[in-house]
Amino acid sequence: MKLRLRGNSIRLRLMQGEVDELVAHKMIEEKVDLMNGQFGYVLKVGEKFWATSENGKVVISVPNDVAANWSKSEDLSIDHFLELPNGEKLRLLIEKDLACLTDRPHEDESDAFPNPKKNC
């Protein structure tokens with residue numbers, strides 16, 4: 001699972017196996033080792049869209065029916081704007097990770113979703 005933070009948005013990209021794991025186990029988790037500890041992020045299936053920080057981890061929740069339908073469909077993403085207590089909105093974008101169209105020698109794309117495009 002890849003994480004991208006930019007402004008008031010969180011974007012997660014999942015490989016095929018990660019989508020399967022999310023549906024089967026209701027959660028997937030990644031961590032990054034740092035010099036003084038770890039940074040983690042979690043995507044889980046729950047009752048509603050939610051985003052929070054717990055014990056040094058960013059935790060994103062997606063409703064069960066949304067995750068189940070998305071996993072079985074050809075839809076590439078789940079795109080949701082979460083209303084925050086301060087009146088701002090946080091964009092949650094969860095995407096199926098597509099194989100790149102150009103060679104990237106240091107990327108393992110063996111489990112990526114097939115890219116519907118044939119050319120850039």
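The values are calculated or read from the model by the stated rules, or taken from the named source; none is laboratory data. Everything numeric in this text was worked out from a predicted model, so none of it was measured. Backbone-built Cβ (ideal geometry, glycine too); neighbour counts: all protein chains shown.
Could you please give the count of residues in the stretch 53-101 that are among the basic types (Lys, Arg) and under 15 Å from the mean Cα position of the chain (by Cα)?
We begin by selecting, within the stretch 53-101, every residue among the basic types (Lys, Arg); these are 57, 72, 89, 91, 96.
When the remaining residues are screened for being under 15 Å from the mean Cα position of the chain (by Cα), the result is 57, 91, 96.
Total satisfying the criteria: 3.
In the stretch 1-17, how many are surrounded by 13 or more Cβ atoms within 10 Å (Cβ to Cβ) and either free of Cβ contacts under 8 Å to residues at least 60 places away in the same chain or under 26 Å from Glu88 (Cα atoms) (or both)? Can you show your working first?
The initial filter retains those residues of the stretch 1-17 that are surrounded by 13 or more Cβ atoms within 10 Å (Cβ to Cβ), namely 1-3, 9-16.
Subsequent filtering for residues that are either free of Cβ contacts under 8 Å to residues at least 60 places away in the same chain or under 26 Å from Glu88 (Cα atoms) (or both) retains 1-3, 9-13.
Of the residues in the stretch 1-17, 8 are surrounded by 13 or more Cβ atoms within 10 Å (Cβ to Cβ) and either free of Cβ contacts under 8 Å to residues at least 60 places away in the same chain or under 26 Å from Glu88 (Cα atoms) (or both).
A quick yes/no check of all residues on (1) at pLDDT below 95; (2) farther than 17 Å from Lys2 by Cα:
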position	(1), (2)
Ser73	yes, yes
Ile78	no, no
Phe81	no, yes
Leu101	yes, yes
Asp111	yes, no
Within the stretch 67-84, tally of residues that are assigned to a loop (DSSP other than H, G, I, E, B) and exposed (fewer than 14 other Cβ atoms within 10 Å of the Cβ): 4
